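The values are calculated or read from the model by the stated rules, or taken from the named source; none is laboratory data. Remember, predicted model here, so these are calculated numbers, not experimental data. Cβ atoms come from the backbone with ideal geometry, glycine included; neighbour counts cover every protein chain shown. Protein only, heavy atoms only, side chains kept; ligands, DNA and RNA dropped before computing areas. Shrake-Rupley method; radii C 1.70, N 1.55, O 1.52, S 1.80 Å.
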Amino acid sequence: IVIPVHNALAQTSRCLESVVRFSPESLQIVLVNDASDSYTSNFLRQFASKRTNVTLIENETNQGFLHSANTGLAAVKQDDLNGIVILLNSDTIVTPGWHDAFVRCFESDPRIGLATPVSNNAVNLSVAIPAGENLFGFAERVALAGKGLECPDITTAIGFCMAIRISVLKEVGGFDTVFAPGYGEDTDYHFRTIAKAYRSVLVPDCFIYHESHASFSARKTELVARNRPVFDRRWSLIYRNELERHDAARPIERLTESLAKQQQEEPLHEVLFILPTATLCGGVIVIYELVNRLIERGINAGVIVVTDQEPVEMALLFSPYFIAPRDWLANGRIPRAKLYVATYFETAAYAFAAKNAYPSA
């Protein structure tokens, strides 16, 4: 597994903690420190020094994601052509069984050269975490729903988490640096791979959380304007054909249909915090962060917002409930929890309503 890192210590530490927790001990980890700040660099050095399966490569100057990814891929041993290397963004969280799902997928067909998992933030391979669920509970449901599905072909691999068969890495090489610092290099790699008669597929029983593409957000318009014409000159005709095939195969729709068929009891949360609004302010941010940290530690925490649906402009590891005041008295609308926390004087009445609905809380 190759993980390029540039700053973002909170996301990086969270990502590496999940990799260590949910991966086999034999997994070889290549970290590429792309001239991060001193806090992140020191963390990476300490992380690598404690583990024999970790290799740390450090760039003296900031090279950008694409060059750092190529540096990490070049360090991968290529003696086992059927082996795989997984390129992973540092703003991701892997989930139980993720590595086994990739292995099963590649073993199912020797023609599979690339594989991408399901995610909450992966363009056309995205599935939203439903209200009241967190990334780990939802990942478990995706694993069950996708296990009976074959790995379907997709129109493009997505670089936030892209598994590459070693034989492909040997034939195709790394990303084309014409796309540096990034945008379009993963799609170009997808088409360079299928041009070698390999398949690029979805891993339907693997869900990996992806926070964002923050490193490109400010420059995205500029990068699209520069890189998209390069991609179109190479692949526009075949891309349209592949997109039609993807739309006909409906890989994500098949997964969501399988998810919808699951018989699922309403989850019993350990704790639900009741917020008067989803709009970001100091107290709301504190609760959101607290629930994120509880979920990271395996506690099924969540949030009820006492409004109609509102946008949430913050990276959450869960999806809040939105229950407007008029709906609190409707039978069965209050989610079950062992503990309800009123976070503001206006939400105290709703906590009492929940307690009345579930006396054991």
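Excluding ligands, DNA and RNA, what is the solvent-accessible area per residue of the chain at a probe of 1.4 Å, expressed in Å²?
47 Å²
Select from S36, C206, V303 the residue farthest towards the positive end of the dipole of the chain; place +1 on Cβ of Lys and Arg, -1 on Cβ of Asp and Glu, and compute about the Cα centre.
In the chain, that residue is C206.
Using the Kirkwood radius built from alpha carbon pairs, what does the Stokes-Einstein equation give as D for segment 1-114 at 37 °C and 0.692 mPa s, in µm² per second?
Result for D is 224 µm²/s.
May I ask which residue of N134, T71, S108 lies farthest towards the positive end of the charge dipole of segment 1-137, with charges of +1 (Lys, Arg) and -1 (Asp, Glu) on Cβ and the Cα centre as origin?
N134
222 nm [θ] for the chain, helices only, -39500 (n - 2.57) per DSSP H run of 4+, per residue, to 500?
One gets -12500 deg cm²/dmol as the mean residue ellipticity at 222 nm.
May I ask for the net charge around F160, where only other residues with Cβ less than 15 Å from the Cβ of F160 are counted and Lys, Arg are +1 while Asp, Glu are -1?
-2
Give the cross-link partners of K170 among the lysines, using a straight C-alpha distance below 25 Å as the criterion and excluding same-chain residues fewer than 8 apart.
Hits, sequence-local ones excluded: K77, K196.
Could you sort S90, S26 by accessible area so the largest value comes first, with the probe set to 1.4 Å? Present the calculation step by step, with values, prior to reporting the outcome.
Numbers: S90 20, S26 90 Å².
The ranking, largest first, comes out as S26, S90.
With all protein chains present and a 1.4 Å probe, how do S49, S41, S236 order by accessible area, largest first?
Details: S49 95, S41 5, S236 35 Å².
Ranked from most to least accessible, the order is S49, S236, S41.
Give me the extension gain from D327 to V20: residue separation times 0.36 nm, minus the current Cα-Cα distance, reported in nm with one decimal.
Full-extension gain reported as 106.2 nm.
List the aspartates and glutamates whose Cα sits under 15 Å from the Cα of K50, skipping any in the same chain fewer than 8 residues away.
Partners within reach: E17, E25.
Sort T193, T279 by accessible area with a 1.4 Å probe, largest first.
T279, T193
What's the local net charge at L339, with K and R +1, D and E -1, over the other residues with C-beta under 14 Å away?
Once all neighbours under 14 Å are counted, the net charge is +2.
Once you have the Kirkwood Rh of segment 271-361 from its Cα pairs, apply Stokes-Einstein at 10 °C and 1.306 mPa s and quote D in µm²/s. Don't jump to the answer; show the numbers that get you there.
Values: Rh = 13.2 Å.
Answer from the Stokes-Einstein relation: 120 µm²/s.
So which lysines can K338 reach, going by Cα to Cα under 27 Å and dropping same-chain residues fewer than 8 places off?
K338 reaches K355.
Any idea what the alpha-carbon Rg over 2.2 N^0.38 Å comes to for the chain?
With N residues counted in the chain, Rg over 2.2 N^0.38 Å equals 1.06.
Compute the long axis of helix 38-49 from its Cα atoms, compare it with the longest principal axis of the Cα atoms of the chain, and write down the angle in degrees, 0 to 90, nearest 10.
Long axis of 38-49 versus the principal axis of the chain: about 70 degrees.
Please report, in cubic angstrom per residue, the volume enclosed by the convex hull of the alpha-carbon atoms of segment 54-189.
In segment 54-189, the Cα convex hull volume per residue is 130 Å³.
Tell me the GluC sites (Glu not before Pro) within segment 227-305 that lie in a loop according to DSSP and have at most 16 other beta-carbon atoms within 10 Å.
Those satisfying the criteria are E265, E270.
Measure nothing fancy, just the Cα-based angle from helix 65-74's long axis to the longest principal axis of the chain, in degrees from 0 to 90, nearest 10.
Approximately 60 degrees, to the nearest 10.
Go through segment 37-66 and name the trypsin sites (Lys or Arg not before Pro) that are in a DSSP coil and have 15 or fewer other Cβ atoms within 10 Å of their Cβ.
Passing sites in segment 37-66 are K50, R51.
Once you have the alpha carbon radius of gyration of segment 223-263, what is it after dividing by 2.2 N^0.38 Å, with N set to its residue count?
Rg over 2.2 N^0.38 Å, computed on Cα atoms: 1.75.
Working from Cα positions, state the angle (0 to 90°, nearest 10) between the long axis of helix 135-146 and the longest principal axis of the chain.
Relative to the chain, helix 135-146 is tipped by roughly 60 degrees.
R245 to A35: extension gain in nm, 0.36 nm per residue of separation minus the Cα-Cα distance?
Fully extending the segment from R245 to A35 adds 71.5 nm.
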